[in-house]
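Read-outs throughout are calculated quantities, based only on the coordinates presented, and are distinct from any laboratory measurement. Because the structure is a prediction, the values reported are computed rather than measured. Note that we place each Cβ from the backbone using ideal geometry, even for glycine, and neighbour counts take in every protein chain shown.
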2 protein chains.
Amino acid sequence: MRYFEDFAVGSSQTVGVHELTAEEIIAFAREWDPQPWHVDADIASRSPMKGLTASSVHTYAVAARLLSRMEPAAGIASIRHELELPNPARPGDRLTFTMTCVEKRPSESKPDRGLITFEGVLANQHGTPVMKIRSLMLVKTRPAGSPSVARPSRKED
Amino acid sequence: MRYFEDFAVGSSQTVGVHELTAEEIIAFAREWDPQPWHVDADIASRSPMKGLTASSVHTYAVAARLLSRMEPAAGIASIRHELELPNPARPGDRLTFTMTCVEKRPSESKPDRGLITFEGVLANQHGTPVMKIRSLMLVKTRPAGSPSVARPSRKED
């Protein structure tokens, strides 16, 4: 478990690969985002995207699945996620996820927690970003007596 | 299909109900967001949320599923989605989704499209919001000769 103290501003980690398939795009969309251009390859081929693309929700889900391969943060709550979709995610894309800690500050009122802003980029095998995520998370500080994790850590002011 | 012209600023629509269950929260999280506090009720009960909560991705997916019950918009692309999580979504929640068109403007360079900002609120049976979504979408204008839909529409300046 990684606590507030364990995230150094500027530190970054990349995980992957998740390979998108047409079958997964259609199956996910059928269940959660059944818009015609996500569930039907023919309709998709005549759409402005000219082919199947993963729904925003599916793309976000792939990022979350890759993120879960990193050691978990001692999260108290997700406050906000900003998702940008600069390019479509398509069948055959081999996706990796890079997460960077870009900002952190301790809570002013509660010493057991702090706010961290993470920036994530889900990119395909060409390095083209298909989703950029900026997340504000409330993360626990390390409980007294809890051992520090075996990774670089840095106290922030 | 609803085109750019069919969305009036200020117009709103509500759909529902999606009832969250512990089984669905755990099944979704196991597949897409397997953080310990989303997949294990015991760990969740000892977490800061004091019980199971739907992951951000799952909550967003429920909103998309409810949205799909509305007549589809002639979307060209999702540009950005901002997700806020003001309160947790929990087993037993009966969720409804309200979508409001809050801003629109025609493209300056391409007459076949325009930008629309939508605000969505996913709320439980007590009216408590569990997710607020602000989405910027690129939407097609109605093709020449295409019949107007049977709903109030208004031309914007």
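Report, in listed order, any pair from B:Lys110/B:Lys132; A:Lys50/B:Lys104; A:Lys132/B:Lys132 with a Cα-Cα distance greater than 28 Å. Distance filter (> 28 Å) returns B:Lys110/B:Lys132.
Relative contact order for chain B: what is it in percent, counting Cα pairs under 8 Å that are at least 6 residues apart? Once normalised by length, the contact order is 32 percent. Phi-derived couplings, Karplus 6.51 cos²θ - 1.76 cosθ + 1.60 at θ = phi - 60°, listed residue by residue for region B:24-38: 5, 4, 5, 5, 5, 5, 4, 7, 10, 8, x, 7, x, 7, 9 Hz, with x used for Gly and Pro. Remark on B:Val130: its backbone amide H falls under 5 Å from those of B:Leu122, B:Ala123, B:Asn124, a criterion applied only to residues 5 or more positions apart or on other chains, H modelled at 1.01 Å from N. Once you reduce region A:78-111 and region B:53-111 to the center of their Cα atoms, the two points are 18 Å from each other. For the protein assembly as shown, the share of alpha carbon pairs falling in successive 10 Å distance bins from zero is 6, 25, 33, 23, 10, 2, 0, 0 percent. With its label point defined 7 Å out from Cα along the Cα-to-Cβ axis, A:Arg94 lies at 4.9 nm from the matching points of the other copies, in increasing order. Please sort by residue number the GluC sites (Glu not before Pro) in region A:34-108 whose DSSP state is loop and whose Cβ has at most 10 other Cβ atoms within 10 Å. Here the sparse-neighbourhood loop sites are A:Glu108.
Derived scalar couplings between HN and Hα for region A:112-124 equal 8, 7, x, 9, 10, 9, 10, 10, x, 10, 9, 10, 8 Hz in order, rounded to whole Hz, by the Karplus curve 6.51 cos²θ - 1.76 cosθ + 1.60 (θ = phi - 60°), x for Gly and Pro.
Listed by chain and number, the aspartates and glutamates whose alpha-carbon sits under 16 Å from that of A:Lys140, ignoring those within fewer than 8 places in the same chain, are A:Glu5, A:Asp6, A:Glu71, A:Glu103, A:Glu108, A:Asp112, A:Glu156. Here the chain A residue lying nearest the rotation axis onto B, judged by its C-beta and given with the distance in whole angstrom, is A:Glu82, 2.
Rounded to the nearest whole Hz, the Karplus-based 3J(HN,Hα) values (6.51 cos²θ - 1.76 cosθ + 1.60, θ = phi - 60°) of region B:49-62 follow the sequence 7, 6, x, 4, 9, 5, 5, 4, 5, 4, 4, 5, 5, 5, with x at glycine and proline.
For chain B, a Gaussian network of Cα nodes joined below 10 Å ranks B:Ser45, B:Ser109, B:Ser12 by mean-square fluctuation, and the top entry is B:Ser109. Using a 10 angstrom cutoff on alpha carbons, build the Gaussian network for chain B and name the most mobile of B:Gly120, B:Gly145, B:Gly92. Residue with maximal mean-square fluctuation among B:Gly120, B:Gly145, B:Gly92: B:Gly145. A convex hull fitted around the alpha carbon atoms of chain B yields 117 Å³ per residue. Assuming charge only on the beta carbon of Lys and Arg (+1) and of Asp and Glu (-1), the dipole of chain B about its Cα centre is about 420 debye to the nearest 20. Remark on B:Ser107: its backbone amide H falls under 5 Å from those of B:Arg113, B:Gly114, B:Leu115, a criterion applied only to residues 5 or more positions apart or on other chains, H modelled at 1.01 Å from N.
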